[in-house]
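Report on the structure given below.
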Amino acid sequence: MPVKVRDIADILNEIAPPVLAEEWDNVGLLVGHADKEVRKILCALDLTEAVVAEAVELKVDMIVTHHPSMFRGVKRLTDANAEGRMLLNLIEHGIAHYAAHTNFDKATPGVNDALCKALGLTDVVAFESGLRLGRVETQTFGVFAALAAKVLGGQGFRYGDDLSVIQKVAVMGGSGGDYVGEAKSNGADVFLSGEFSYHLAVDCAENGLNMLAMGHDRTEIPGARALADMLRQKTDAEVIDSSTILV
């Protein structure tokens with residue numbers, strides 16, 4: 001029996017229930033016919049013109065991303081801007097688009113579990129907010145920061161004492177500023193996220209919480225790869241990692 005867009009959407013809704021999404025978010029099936037047959041799926045972090053061009057070249061039927069399109073609302077669909085060109089290109093080539101964003105951030109397993117796994121954290125505790133708190137072998141902040149840079153493929157920015165001894169690491173893919181209090185109250189020695197405001201990071205470091213800002217995309221690429229792997233386990237359609245998440 002052919003796999004349809006609606007079938008893939010149902011699988012993704014099970015992996016990352018839309019009810020978990022923030023009310024301001026835009027998740028789910030965003031473009032496409034629900035009854036279209038799906039033979040190939042491309043998984044990416046973002047819907048960009050390069051990703052859409054890749055999908056067209058590979059002749060895929062559906063793109064699954066973490067970050068959504070039409071995030072701020074679309075009043076005109078023309079080729080006058082990048083988003084319009086992307087959406088028109090999708091429609092013209094019959095390619096569906098599904099996004100799992102803050103619902104996948106909060107899902108278990110989800111974005112932050114993939115990040116913990118990439119960093120080698122153990123004894124991971126999941127919080128309702130999506131924050132994860134895990135452990136590493138006793139080491140200095142400087143050693144852990146070097147590991148994170150190697151694993152995530154970028155130096156990022158570190159705030160804190162490189163010689164301080166750490167064990168507990170809080171992680172939040174993407175933007176972690178709203179979760180600093182939760183990380184501190186649960187005993188984190190380090191908080192790793194994609195980005196923090198500079199003044200917040202400096203203030204936290206001055207008050208004993210080492211901070212690592214590794215780049216919004218870098219902290220979510222493991223999640224995009226994990227979502228592709230979950231799809232492979234649940235569908236017979238071919239699932240392809242976009243070249244944009246192979247860095």
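A few remarks follow.
- Filtering region 110-141 to residues that are open to solvent by 10 Å² or more (accessible area, probe 1.4 Å) and under 12 Å from the mean Cα position of the chain (by Cα) leaves D113, A114.
- For region 82-92, the count of residues that are surrounded by 14 or more Cβ atoms within 10 Å (Cβ to Cβ), assigned to a helix (DSSP H, G or I) and under 13 Å from the mean Cα position of the chain (by Cα) is zero.
- Under the condition of being touching a residue at least 24 places away in the same chain (Cβ under 8 Å) and surrounded by fewer than 20 Cβ atoms within 10 Å (Cβ to Cβ), the residues counted in region 162-178 number 5.
- In region 231-242, residue nearest to the chain's Cα centre (by Cα) [restricted to those that are open to solvent by 30 Å² or more (accessible area, probe 1.4 Å) and at pLDDT 95 or above]: D241
- Options A100, A21, A16; residue that is in contact (Cβ under 8 Å) with a residue 40 or more places away in the chain, in contact with a Phe, Trp or Tyr (Cβ under 6 Å, 6 or more places away or on another chain), closer than 23 Å to R132 by Cβ and small (G, A, S): A16
- Exactly one residue out of D46, D35 is among the charged types (D, E, K, R), in a loop (DSSP other than H, G, I, E, B) and open to solvent by 60 Å² or more (accessible area, probe 1.4 Å): that is D35.
- Selected residue (only one of K59, K75 is in contact (Cβ under 8 Å) with a residue 12 or more places away in the chain and open to solvent by 60 Å² or more (accessible area, probe 1.4 Å)): K59
The values are calculated or read from the model by the stated rules, or taken from the named source; none is laboratory data. Computed from a predicted model, the values in this text were never measured in an experiment. With ideal geometry, Cβ positions are generated from the backbone for all residues, glycine too; neighbour counts draw on all protein chains shown. Note: accessible area is taken over every heavy atom of the protein model, side chains too, but ligands, DNA and RNA are not part of it. Shrake-Rupley method; radii C 1.70, N 1.55, O 1.52, S 1.80 Å.
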